[in-house]
Amino acid sequence: PNAVFAWVDAAPVWSQLGWGLGVWMGLLGSLMLLLRSRWAVPSFGLSLLGAVLGLGYQMANPMPGVSGAMATVMPIVIILVAAGLFLYARRQAANGVLR
């Protein structure tokens, strides 16, 4: 619907950059974790930052027609997963698993 297109077009650049950071740094961090690289920690850190920015905007300005759990619970779950991945990578780096 046109209301959704207008919502996407009205999103500020920082929220779109946040979404990109969250997605692509999360993918990169996952690959770095598989490769046991210490670069997984900063990748997941940037992913967490991006998730907070992008999803924080979404929670403050929900998409038209979206309400309930999809508007509030799912963004929080995604942010918690991003935080968990960051903390896990940090712990593995501290344990010497990541090179």
Quick check: is even one residue across the range 58-70 among the aliphatic types (A, V, I, L, M) and under 30 Å from residue 96 (Cβ atoms)? no
Looking at the range 76-89, I want the residues that are in a helix (DSSP H, G or I) and have a partner that is aromatic (Phe, Trp, Tyr) and buried (at least 18 other Cβ atoms within 10 Å of the Cβ) with Cβ atoms under 6 Å, at least 6 apart or on another chain. Which pairs are those? 85/44; 86/44; 89/44
Report yes if residue 71 is assigned to a helix (DSSP H, G or I), within 27 Å of residue 6 (Cβ to Cβ), of a type in the set (A, V, I, L, M) and open to solvent by less than 70 Å² (accessible area, probe 1.4 Å), otherwise no. yes
Which of (1) open to solvent by 50 Å² or more (accessible area, probe 1.4 Å); (2) touching a Phe, Trp or Tyr at 6+ places or on another chain (Cβ under 6 Å) is the odd one out, the single condition residue 86 does not satisfy? (1)
Within the bounds of the range 45-63, is there any residue that is open to solvent by 30 Å² or more (accessible area, probe 1.4 Å), within 22 Å of residue 5 (Cα to Cα) and within 9 Å of the chain's Cα centre (by Cα)? yes
Any residue in the range 31-43 that is closer than 16 Å to residue 85 by Cβ, touching a Ser or Thr at 6+ places or on another chain (Cβ under 6 Å) and open to solvent by less than 50 Å² (accessible area, probe 1.4 Å)? yes
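For the range 45-53, indicate whether the set of residues that are in contact (Cβ under 8 Å) with a residue 40 or more places away in the chain, over 22 Å from residue 8 (Cβ atoms), in a helix (DSSP H, G or I) and out of contact with any His (no Cβ under 7 Å at 6 or more places or on another chain) is non-empty. Full working, then the answer.
Initial filter on the range 45-53 (in contact (Cβ under 8 Å) with a residue 40 or more places away in the chain): 45.
Next, only the ones that are over 22 Å from residue 8 (Cβ atoms) stay: 45.
Next cut, in a helix (DSSP H, G or I) only: 45.
Subsequent filtering for residues that are out of contact with any His (no Cβ under 7 Å at 6 or more places or on another chain) retains 45.
Within the range 45-53, one or more residues are in contact (Cβ under 8 Å) with a residue 40 or more places away in the chain, over 22 Å from residue 8 (Cβ atoms), in a helix (DSSP H, G or I) and out of contact with any His (no Cβ under 7 Å at 6 or more places or on another chain).
The values are calculated or read from the model by the stated rules, or taken from the named source; none is laboratory data. What you see is a predicted model; the values in this text were computed from it and never measured. Cβ coordinates were reconstructed from backbone atoms using ideal geometry, including for glycine residues, and neighbour counts include every protein chain displayed. Heavy atoms of the whole protein, side chains included, go into the accessibility calculation; ligands, DNA and RNA do not. Shrake-Rupley method; radii C 1.70, N 1.55, O 1.52, S 1.80 Å.
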